[in-house]
Amino acid sequence: MRSSNPVFSRRGFSRDNGHAGFNAAPQAGAAATGANPFAQGTAANPYATNPYAQQGTQPGAPAPARTDAMTIDDVVTRTAMTLGTVIVAAAIAWWVLPVDQANLGTAYGVAIGAAIIGFVLSLVNSFKRRPSPPLILTYAAFEGVFLGIVSNIVSVYVAPGAAMQAVLGTMAVFAGVLIAYRTGLIRVTRRFYGFVMAAAIGFMLLMMVNLLFAVFGGGDGLGFRSGALGIVFGIVAIVIGACILALNFKQVEDGIAYGAPREEAWLAAFGLTVTLVWIYIEMLRLVAILSGDD
């Protein structure tokens, strides 16, 4: 089953890709040999071979070292480019598109259009066999336009300074999860992955039901996104996003350890961007609710 986050549906966490190694770090030389060091049929890791092994390489047999393997620098650079595109597009949308009463309807329309296009592009990027940098950056641009307009509206009409608070909150979650992951406080196992994805899917289905009730019944639907209940669901959404962020880190770590091709760094950057956008939106919503004027 594919997850909503493209990182997990492509490499490292799907059932049918033959990836192994959730409970221990890959041994040195795994990428060079092309064989998964855990594919020995042991009780600890009874899984298959390295999904990034070069074609024609037999498990356990030496293979030429990959010269185009992904590195952490590649991931950092691509992620900076993708997030930078989101930030620049958001800043332009914030300053160029006014959200006063006379232009509020237009701003809403542009935001909805950008959100729809961003969603479609996210699906396209998720199902492409090879990462496409232009499509990923285009997704980031439209997502930035949506975030810029929505953040401006919330800051003007709901909670002044909400955007900065949401940014700081998102950065705090990112730093906290990264520290917890690197120190071993968070261990990404198959059970952890299954729990997180089940929670994420259940949460999104519940929000879709709430949206349908809001569209056809008016008001705030079932009330999951406002008041005390909205605060609870906002916190739950942020916790789910933080857990998905840990899965992102594991995907990057495994990709580097197993010698993923350099182009996979774009996929990692895309996954990290999708997750951080999720966390930011939920932070912004939570700040708006806590302002007492939802």
* Asked: Using the Cα gyration tensor of the stretch 71-129, with a ≥ b ≥ c the square roots of its eigenvalues, what is the shape: rounded (a/c below 1.5), prolate (a/b larger than b/c) or oblate (neither)?
  -> oblate
* Asked: Which whole-Hz ³J(HN,Hα) couplings does the stretch 230-240 yield from phi under the Karplus relation 6.51 cos²θ - 1.76 cosθ + 1.60, θ = phi - 60°, glycine and proline marked x?
  -> x, 5, 4, 5, x, 5, 4, 4, 5, 5, 4
* Work out how much length residue 80 to residue 291 would gain on full extension: take 0.36 nm times their residue separation and subtract the Cα-Cα distance, in nm to one decimal. => 72.8 nm
* Structure fact -> Residue separation between residue 171 and residue 235 times 0.36 nm, minus their alpha-carbon distance, gives in nm 21.5 nm
* **the stretch 165-257 shape via C-alpha gyration tensor axes, a/c threshold 1.5** => prolate
* Asked: Once you put a point 7 Å from the Cα of residue 91 and another 7 Å from the Cα of residue 108, both along the Cβ direction, what distance in nm separates them?
  -> 2.9 nm
* Carbon and sulfur atoms: what percent of the 1.4 Å accessible area of the stretch 204-286 do they account for? -> 79 percent
* Asked: Which order do 151, 291 take by accessible area at a 1.4 Å probe, largest first?
  -> 291, 151
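The values are calculated or read from the model by the stated rules, or taken from the named source; none is laboratory data. The structure displayed is predicted, hence computed values, not measured ones. Positions of Cβ are generated from backbone atoms using ideal geometry, with glycine treated the same way; all protein chains shown enter the neighbour counts. Ligands, DNA and RNA are stripped out before the accessible areas are found, and what is left, the full protein with its side chains, is counted by its heavy atoms. Shrake-Rupley method; radii C 1.70, N 1.55, O 1.52, S 1.80 Å.
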